[in-house]
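Asker: First the structure, which I've put down as structure tokens, then a few questions once you've had a look.
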Amino acid sequence: MADAGEWEAFVCHFYNYYFAHTAGGTMIGKMMSDKLLNGHVLHFYEWPAGDVKQELLPALRGKIDEMAAGWTREQKDACLNETAESFRGGGSLLTHIRGPGGGARPGGRPMQ
């Protein structure tokens, strides 16, 4: 997309993937930490550049919002029109990662 100059579509995909995966990864990490490590936070979740939730994500969101504020109505619509495709792509990726078993957990229990 970026190579083709489709910046609005690229920003839409980047925004949706980056923020969704960061939030999901943080949630999964906390859940596993609570269940397996008595709430201990691993160093993996510590970043020298700052706190992900309090500093890094808001800073990035601000930069994207600032860039998009200068877009024309057509550019904003191009970004919005790509939203469904970005979610479809995410679902396809998850299906691919799960593989032919359809996401069965070890022991044969299906994922919900």
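Asker: Using 1/(1 + (r/R0)^6) with R0 = 22 angstrom and r between the beta carbons of residue 66 and residue 40, what's the FRET efficiency to the nearest 0.05?
Answerer: 0.05
Asker: May I pose another question? Given 0.36 nm per residue, what is the gain on full extension from residue 6 to residue 49 after removing their alpha carbon distance, in nm?
Answerer: Roughly 12.5 nm would be gained on extension.
Asker: Could I ask something else about it? So who's got an amide H within less than 5 Å of the one on residue 6, skipping anything under 5 residues away but keeping other chains? H placed 1.01 Å off N, in plane.
Answerer: none
Asker: Another question, then. Got a number for carbon plus sulfur as a percent of segment 23-81's accessible area, 1.4 Å probe?
Answerer: 62 percent
Asker: For segment 59-76, in order, what is each residue's ³J(HN,Hα) by Karplus, 6.51 cos²θ - 1.76 cosθ + 1.60 with θ = phi - 60°, in whole Hz (x at glycine and Pro)?
Answerer: 5, 5, 4, x, 5, 5, 4, 5, 5, 5, 4, x, 6, 6, 4, 5, 5, 5
The values are calculated or read from the model by the stated rules, or taken from the named source; none is laboratory data. Here the structure is a predicted model, which means the values were calculated and not measured. Neighbour counts are summed over all protein chains in view; Cβ atoms, including those assigned to glycine, are modelled from backbone coordinates with ideal geometry. Just so you know, the surface numbers come from the protein's heavy atoms only, side chains and all, with ligands and any DNA or RNA stripped out. Shrake-Rupley method; radii C 1.70, N 1.55, O 1.52, S 1.80 Å.
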